[in-house]
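The values are calculated or read from the model by the stated rules, or taken from the named source; none is laboratory data. Values in this document were obtained by computation on a predicted structure and should not be read as measured data. In this analysis, Cβ positions are derived from the backbone assuming ideal geometry, glycine residues included, and neighbour counts consider all displayed protein chains.
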Amino acid sequence: MGEFIEERLSVQVDYGADFSEEYAVKISASENGNEYRSLLHPFPKMRCDISYEMRKGQWVIDNVLDLYHRCLGRFAGFRVRNTADYSSNAYKGVPTALDQPMQLVSAGVYQLQKLYGAAGKPTITTGRPVRTVFKPVAGTVLVAIGGVALPSAQWAVDTITGRITLAANKTDTIVGITKAAQAVIDVGTNTFLVGESVVISGVAGMTQINGLRALITAKPDATHITVAINSTAFSTYTSGGTVQTQPVAGEAVTAGFEFDIPCRFDSDLSGITFTTFDVMSAGGIEIIELLNP
C-alpha cells in the first residue's frame, strides 16, 4: 500500500499495445519430473505494455510525462481502464445491480469484487478467481438486495476504496397485513419512505410473505405502508413479523459497476522520442496492477 493519484491514464493508446493477466503460482519440480504447484492467492494481476505514437508534443507531456513525474516514476499508483475488461457484466456489458456478489466487510459495509470464469462451469477446489474492485467509476454503481435494486438513497459508494455502505437499518414490528395485489402492512408509526426497499420476516399465518423483498409504493397514512407484493393468494395473517431495510440472513447483496484498475508504472520512460517538429512518441511503457493500492 502507498501513495495513489485518483487519475486515469489516457486510454487513447495505439494499436500494438498489449496486456496480460497472471496468477501467483509457485511451481517446484522433482528430479523425476513431477511438478508441485501451489497457489499463493486467487487474485488475477494485469500487466500492460502500451504506446502513444505520433502525438502532439504537448499532449504527450500533459497526459504521460506529467503523470509519470507526479507519481515519482514507479512510486505512486493511478487508475487504468482496461478497454477489454471494465464492467461487472461479463467484460464489457452494461452493468446491472445483479451482476456480482459483494464481500461483507462489517455490518452494513460491503466490498465490490468481480468473479471470473462463467458461472456454472467447472472450477478447481478454490472456486472462481476474484478481483477486488477498489476503483469503481463514479456514476456507474448499482446495488441490489435479494434481487431487488436499491434506490441510491439507501446506500453510498466510496470510489476510492470500492466499499458500499448501506443506510442505517430501519425496522418495525408488523401488526397486520392485508390480502391485496399490493399488500398493505400495518407497522404503527414509522419512518419508512416511498421507494425504499424492505424485507419481511417472522410472520405467522401469512408465511408465504416471509423472506420477500419489495419496494414501498405508497404510505396510505402514518401507520401503514404499501409494498409491491401480491398477497391475494397468501394465507391469512395471524400475528408477528418484522419489516426492515437492511438484509436478513440468506439475502444476496449484489452490485453492478464499471471499474478502473489501480496500477503503477513498472518501467522508466526511456522510449520518448521526437519524430518530427512538435510531434512525440512514447513507447514501451510498462504498467502493472496494484493488488492492494
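Which condition from (1) assigned to a strand (DSSP E or B); (2) modelled with pLDDT under 95; (3) within 30 Å of Lys179 (Cβ to Cβ) is the one that Pro220 breaks?
Every listed condition holds for Pro220 apart from (2).
Results for (1) of a type in the set (Asp, Glu); (2) free of Cβ contacts under 8 Å to residues at least 12 places away in the same chain; (3) in contact with a His (Cβ under 9 Å, 6 or more places away or on another chain), shown as yes or no for each residue.
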| residue | (1), (2), (3) |
| --- | --- |
| Ala24 | no, no, yes |
| Glu31 | yes, yes, no |
| His41 | no, no, no |
| Lys45 | no, no, no |
| Met54 | no, no, no |
| His69 | no, yes, no |
| Ala90 | no, yes, no |
| Val94 | no, yes, no |
| Gly108 | no, no, no |
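What strands (runs of 3 or more DSSP E) lie completely within region 33-97 and have 3 or more residues being within 20 Å of Thr161 (Cβ to Cβ) and not β-branched (Val, Ile, Thr)?
77-80
Can you tell me which residue in region 126-144 is modelled with the lowest pLDDT, limited to those that are in a loop (DSSP other than H, G, I, E, B) and surrounded by 17 or more Cβ atoms within 10 Å (Cβ to Cβ)?
Pro129
Answer yes or no as to whether Ala156 is surrounded by fewer than 19 Cβ atoms within 10 Å (Cβ to Cβ) and assigned to a strand (DSSP E or B).
Yes, satisfied.
Among the residues of region 100-125, which ones are part of a loop (DSSP other than H, G, I, E, B) and loosely packed, with under 11 Cβ neighbours inside 10 Å?
Matches in region 100-125: Ala107, Ala118, Ala119, Gly120, Lys121, Pro122, Ile124, Thr125.
Here is a yes/no grid of residues against (1) hydrophobic (A, V, I, L, M, F, W, C); (2) surrounded by 20 or more Cβ atoms within 10 Å (Cβ to Cβ); (3) in a loop (DSSP other than H, G, I, E, B):
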site	(1), (2), (3)
Thr161	no, no, yes
Thr165	no, no, no
Asp172	no, yes, no
Ala181	yes, no, yes
Ile185	yes, yes, no
Thr191	no, no, yes
Ile200	yes, yes, no
